[in-house]
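A short worksheet on the structure shown next.
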Amino acid sequence: MAIVASLPTPGLNLFSSLPLGKDPTASSSPSPPPPPIPIPKYPPPLKKSKNSANPAFKIPHLRTKYYKPVKDGGGVIASDGDRSVLVGDSGVSYLLPGAPFEFQFSYSETPKVKPLAIREPAFLPFAPPTMPRPWTGKPPLKTSKKKIPVFDSFNPPPAGKKGVKYVEMPGPYPFGKFPEEGKSREEILGEPLKTWEIKLLIKPHLSDNRQVNLGRDGLTHNMLELVHSHWKRRRVCKVRCKGVPTVDMDNVCRHLEEKTGGKIIHRVGGVVYLFRGRNYNYRTRPQYPVMLWKPATPVYPKLIQEAPEGLTKAQADEFRKKGKNLLPICKLAKNGVYITLVRDVRAAFEGSPLVKVDCKGMEPSDYKKLGAKLKDLVPCVLLSFDDEQILMWRGQDWKSMYPEARPSISFPAELDIASGSDDSGKSDDDCDNSDAKIVSSSPKMMLLWKHALESNKAILLDEIDLGPDALLTKVEEFEGISQATEHSYPALVMSSEDGSSNSISTFEDDSHSENFSEDDMYSDDEYYDSESFEELETSAPPGSLSIDLIAEKLDKK
């Protein structure tokens, strides 16, 4: 009873860790500690005024659907004094005072079609003529008293100077000639390069990676200054082209020469070597303003139409259905070199009216540009870009690259070369074929053909429309006959009874008995000079050769 009396009251928790005198059910809310840095109080945001005087706030955002149609006449759509934005058949161009030509973002890849509308306000993407210094929080630096000379190609720094990169002198020049200041392109290029000079200029650039990369945008405006920066220290600038521009490399090379003023001295694949000229001077180079941003591409007419030219909508849909099961002629890789694409498409149109090119993995804008180029270069009609593939139709005005019938050679009527008989014994079938295309040959070619047939080095086919297997059989049979004739030399061996002497008389062909000489072959050709075919004596008088003297000495011994 004493132990029970010593226990605490029933409502008390014996295992509580809280100190005595505090109620655990009581709620306690301690005050947070004061922040180490006071919270700043910002002023309320300014209300946007509806009537803002600054035109910069009125420029729409790039994501807005800006669409401004272009007038039929085109011309100037925006101007700022002498600086203006033009729209014409060559797209959007920019005209600045004193510029040698109209500036564009891309000179080689701009479509030759007048745009329908522009996607952004017409602003010049160049710096204004007078731009104030932007605020940087510091006063402007004082002008330096040290005058840095402008780089002069005719008077470059010495080769051994410390901190100066490699610089090539102007040239090359023939012995005794020196650089001359030139203003026009012909004066700067100088005399045409010789073959050994071209090899000498190209050799150090073959394995060098110092180059200008030309991509899907083609020759852009800022590349002009980049090419001149390469010409500052080297005579040749290496340009490597990849992607869409390589479909028409002639167009790229033409714009490179026109805009830079250089000369292409070598071209292999997508690599072009651009020579600056013998009298090039970096100090007097044309200086162009830098384009600060890429302008938005205008809206051009659609390449794919529901009813293309020469087809109805039902016919076009039928061609598109057939194109689904058509195998592509090639698979184009991204950033590849497509030099032979136009030739491959033209060759494919010889066997099929529809041609498909696989462009999977490429950007949509890339294979659409490819289709636009093929439409003009092949030419052809575009049907679809479905499934990242270009489907083309050769069109109604398509003409084959090969003639319809091969022309036959006409021989004299009184002689049948194949059989050696007269034409009087011709059959009715031969008379029916007389209406075929006949091309009259010159007497020189007639003599050559006649001599080849008689010497069994050529054969005259009776049938022209032979299959591949039949033609191969004819060729194999003729090879056996011609080799047997060429490698067999019949001779008559005559020997005396005592065996003291024997003589060999070579076989003379009857064809050589006819009056056939080189003078007759080249008598009608004015290209050949008579002095170049002088007759030379091939037989020497007996006893005049060195071998005769050696034989006499051996006989005496």
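The values are calculated or read from the model by the stated rules, or taken from the named source; none is laboratory data. Keep in mind that what you see is a predicted model, and the values were worked out from it rather than measured. Neighbour counts are summed over all protein chains in view; Cβ atoms, including those assigned to glycine, are modelled from backbone coordinates with ideal geometry. All accessible areas refer to the heavy atoms of the entire protein, side chains included, with ligands and DNA or RNA removed. Shrake-Rupley method; radii C 1.70, N 1.55, O 1.52, S 1.80 Å.
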- Per-residue SASA entry for ARG119, accessible area with 1.4 Å probe, Å² rounded to 10: 120
- Task: Working with all protein chains in place, sort ASP72, ASP80, ASP366 by solvent-accessible area computed with a 1.4 Å probe, largest first.
- Result: ASP72, ASP80, ASP366
- Task: Using only the Cα atoms of the range 240-355, each taken as one equal point scatterer with no solvent, compute I(q) by the Debye sum, divide by I(0), and report log10 of the ratio at q = 0.16 Å⁻¹.
- Result: -1.04
- Net charge of Cβ neighbours under 9 Å - reference ARG210; Lys, Arg +1; Asp, Glu -1: +1
- Item | the range 62-118, accessible area per residue, ligands and nucleic acids excluded (1.4 Å, Å²) | 60
- Taking the Cβ of PRO298 as the centre, find all other residues whose Cβ is under 11 Å away and add up their charges (Lys, Arg: +1; Asp, Glu: -1). +2
- Once you list every other residue whose beta carbon is under 14 Å from the beta carbon of LYS356, what net charge do they have if Lys and Arg are +1 and Asp and Glu are -1? +2
- Among the listed pairs LYS324/LYS360; LYS147/LYS238; LYS324/LYS375; LYS147/LYS263; LYS259/LYS331, which are separated by more than 25 Å between their Cα atoms? LYS147/LYS238; LYS147/LYS263; LYS259/LYS331
- Task: Leaving out ligands and nucleic acids, note down the accessible area per residue over the range 270-335 with a 1.4 angstrom probe, in whole Å².
- Result: 59
- What part of the accessible area of the range 302-393, given as a whole %, is carbon or sulfur when the probe is 1.4 angstrom? 52
- Task: With a 1.4 Å probe and every protein chain kept in, tell me what percent of the accessible surface of the range 185-286 is carbon plus sulfur.
- Result: 49
- Message: If you average the C-alpha positions of the range 62-111 and of the range 153-231 separately, how far apart do those two centres end up, in angstrom?
- Response: 32
- Shape of the range 302-393 from its Cα gyration tensor (a ≥ b ≥ c, root eigenvalues): rounded if a/c is under 1.5, otherwise prolate when a/b > b/c, or oblate? prolate
- log₁₀ of I(q)/I(0) at q = 0.19, 0.22, 0.25 Å⁻¹ - the range 185-286, Debye sum with one point per alpha carbon: -0.93, -1.27, -1.59
- Task: Could you pull out the pairs from LYS165/LYS203; LYS203/LYS334; LYS368/LYS399; LYS65/LYS368 whose alpha carbons sit more than 27 Å apart here?
- Result: LYS203/LYS334
